[in-house]
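**Student:** Structure in structure tokens, see below.
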Amino acid sequence: MVYANNGIDAIALAQEHLPDLVILDMIMPEVGGSEVASALREIPATKDIPFLIVSGAILSKKDELNNNNMSEHNQYVLAKPITPSEIIELVRKIFSISPPIK
């Protein structure tokens, strides 16, 4: 896991580490989450990385459900407040991972 303090660092670190998933907050210092996602979509090495965008500023839980149809762009949205289990569930969906058998 790699952590960035702001959007500019996020762009640089994503290019350097080529993560399997980028989790972005919409409101970040210097460059916001949507701008980071747009910038990384323009870079051949990072254009296919899926994004999980978290926001308390623009979405309701209902909007979140409608917005998760954005998967054709490899971009998913969670509205704050969120729980760890919600993040895990969406990450499983993104990577088509089944929950462990109990």
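A short reminder: the numbers here are calculations on the coordinates, not readings from a lab. Bear in mind that the values here come from a model prediction, so they are computed numbers and not experimental data. We place every Cβ from the backbone using ideal geometry, glycine too, and count neighbours over all the protein chains shown.
**Student:** What ranking, highest mean first, results for peptides 22-35, 40-53 when packing means the other Cβ atoms within 10 Å averaged over each residue?
**Tutor:** 22-35, 40-53
**Student:** Roughly what would the spin-label model give for Ile27 and Glu89, points 7 Å off Cα along C-beta, in nm?
**Tutor:** Going by the 7 Å Cα→Cβ label model, 2.5 nm.
**Student:** List the residues whose amide H sits under 5 Å from the amide H of Val31, counting only those 5 or more places along or on another chain, with H placed 1.01 Å from N in the peptide plane.
**Tutor:** Gly7, Ile8
**Student:** May I pose another question? If Lys and Arg each add +1 and Asp and Glu each add -1, what is the summed charge of the other residues whose beta carbon sits under 14 Å from the beta carbon of Leu24?
**Tutor:** Here the charged neighbours net out to -2.
**Student:** Stretched out fully, how many nm does the piece from Leu18 to Val2 gain, at 0.36 nm a residue minus the Cα gap?
**Tutor:** 4.7 nm
**Student:** Continuing with the same structure: Quick one: which residues, 5+ away or cross-chain, put their amide H under 5 Å from the amide H of Leu24? H built at 1.01 Å from N.
**Tutor:** Residues meeting the criterion, in which the H sits 1.01 Å from N, are Leu52, Ile53, Val54.
**Student:** While we're here: Using θ = phi - 60° and the Karplus form 6.51 cos²θ - 1.76 cosθ + 1.60, what ³J(HN,Hα) does each residue of region 4-19 get, whole Hz, x for Gly and Pro?
**Tutor:** Per residue, the Karplus-derived 3J(HN,Hα) values read 10, 7, 7, x, 5, 5, 4, 4, 5, 5, 5, 5, 6, 9, 6, x Hz.
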